[in-house]
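These notes concern the structure reproduced below.
The values are calculated or read from the model by the stated rules, or taken from the named source; none is laboratory data. Predicted model, so just to flag it, every value in this text is computed and none were measured. Note: ideal-geometry Cβ built from the backbone for every residue, glycine included; neighbour counts use all protein chains shown. Side chains are part of the model used for accessible areas, which takes the heavy atoms of the whole protein and leaves out ligands, DNA and RNA. Shrake-Rupley method; radii C 1.70, N 1.55, O 1.52, S 1.80 Å.
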Amino acid sequence: GENVEQHPSTLSVQEGDSAVIKCTYSDSASNYFPWYKQELGKRPQLIIDIRSNVGEKKDQRIAVTLNKTAKHFSLHITETQPEDSAVYFCADGLTFGSGTRLQVQP
Amino acid sequence: NAGVTQTPKFQVLKTGQSMTLQCAQDMNHEYMSWYRQDPGMGLRLIHYSVGAGITDQGEVPNGYNVSRSTTEDFPLRLLSAAPSQTSVYFCASSYRERVAGELFFGEGSRLTVL
């Protein structure tokens, strides 16, 4: 990857609401797009990933969508819970976005 | 498996001092890397290696050296620490080729340079 932009930088939602985080990338050759979750003081851990041959992937309350034409991919979290509060990073191969701090208000 | 192990977890240095951050993985991963994490700037790649004897520069390599003499170990050396190197450092490894697989991170090393 070359450059990855991630928005928003902070996101506050009420418990039970949905949260959406968006990333854009610049490298047309990119084919692997992971999302990592980092809880306070902990290491980043993979929560979901998508490869360029699919447009959407879902795992329980989280889903990722990919639009290769527009070069953007998004993380969707439904029915948010307080334990979803963390910093989320998208990545294009080796290059990470700047992160989104998600706060879920009980 | 212990996964990715980093030491030390915390370190305070004075400007100009040198030190080595250690990283070891027991998953037989070919790919290893070092990132630094600064507030609001995400994770920035310092150096990486796709196998023993092979290293390459990432986005922010200046002031850091690495070597990869074995598959398991990938130490990061600061030759002359500067306050701008105050950061949290993460070592990460991956089973697959570098751009195609999940990264497994160590617990991080918090470095303060005075």
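Near B:Asn1: Cβ cut-off under 13 Å, other residues only, Lys/Arg at +1 and Asp/Glu at -1. The net charge is -2. Computed on chain B, with alpha-carbon pairs under 8 angstrom and 6+ residues apart, the relative contact order is 36 percent. Taking θ as phi - 60° and the Karplus parameters 6.51, -1.76 and 1.60, the scalar couplings of the stretch B:43-51 work out to 10, 10, 6, 9, 9, 8, 9, 9, x Hz in sequence order, x denoting glycine and proline. Annotation: amide H-H contacts under 5 Å for A:Asp27 (H modelled 1.01 Å from N, sequence separation of 5 or more, or interchain): A:Glu2, A:Asn3.
When the Cα centres of the stretch A:29-78 and the stretch B:1-43 are compared, how far apart do they sit, in Å? When both Cα centres are located, 25 Å separates them.
For chain A, the relative contact order works out to 38 percent when only alpha carbon pairs closer than 8 Å and six or more residues apart are counted. Applying the Karplus relation 6.51 cos²θ - 1.76 cosθ + 1.60 with θ = phi - 60° to the stretch B:30-37 yields 3J(HN,Hα) values of 7, 9, 9, 8, 10, 10, 10, 10 Hz, where x marks Gly and Pro. Kirkwood radius and radius of gyration were both taken over the C-alpha atoms of the protein assembly as shown, and their ratio Rg/Rh is 0.98. With a cut-off of 20 Å on the backbone N, the residues of the stretch B:1-22 near the modelled label site 7 Å out from B:Thr86 along Cα-Cβ are B:8-21. Share of carbon and sulfur in the accessible area of the protein assembly as shown stands at 47%, probe radius 1.4 Å. With all pairs of separate Cα atoms included, the stretch A:1-86 yields a Kirkwood hydrodynamic radius of 13.6 Å. Where in the stretch A:86-106 does the amide nitrogen come within less than 18 Å of the point 7 Å from the Cα of A:Ser12, taken along Cα to Cβ? Under cut-off, by backbone N: A:86-88, A:100-106. Dividing the C-alpha radius of gyration of chain B by 2.2 N^0.38 Å, with N its residue count, gives 0.99. For the stretch B:104-114, the Karplus equation 6.51 cos²θ - 1.76 cosθ + 1.60, evaluated at θ = phi - 60°, returns couplings of 9, 9, x, 6, x, 10, 8, 10, 10, 10, 8 Hz by residue, with Gly and Pro reported as x. Residues of the stretch A:88-106 that lose at least 20 Å² of accessible area (1.4 Å probe, protein heavy atoms only) when the other protein chains are present, relative to their chain alone, are A:Phe89, A:Gly93, A:Leu94, A:Phe96, A:Ser98.
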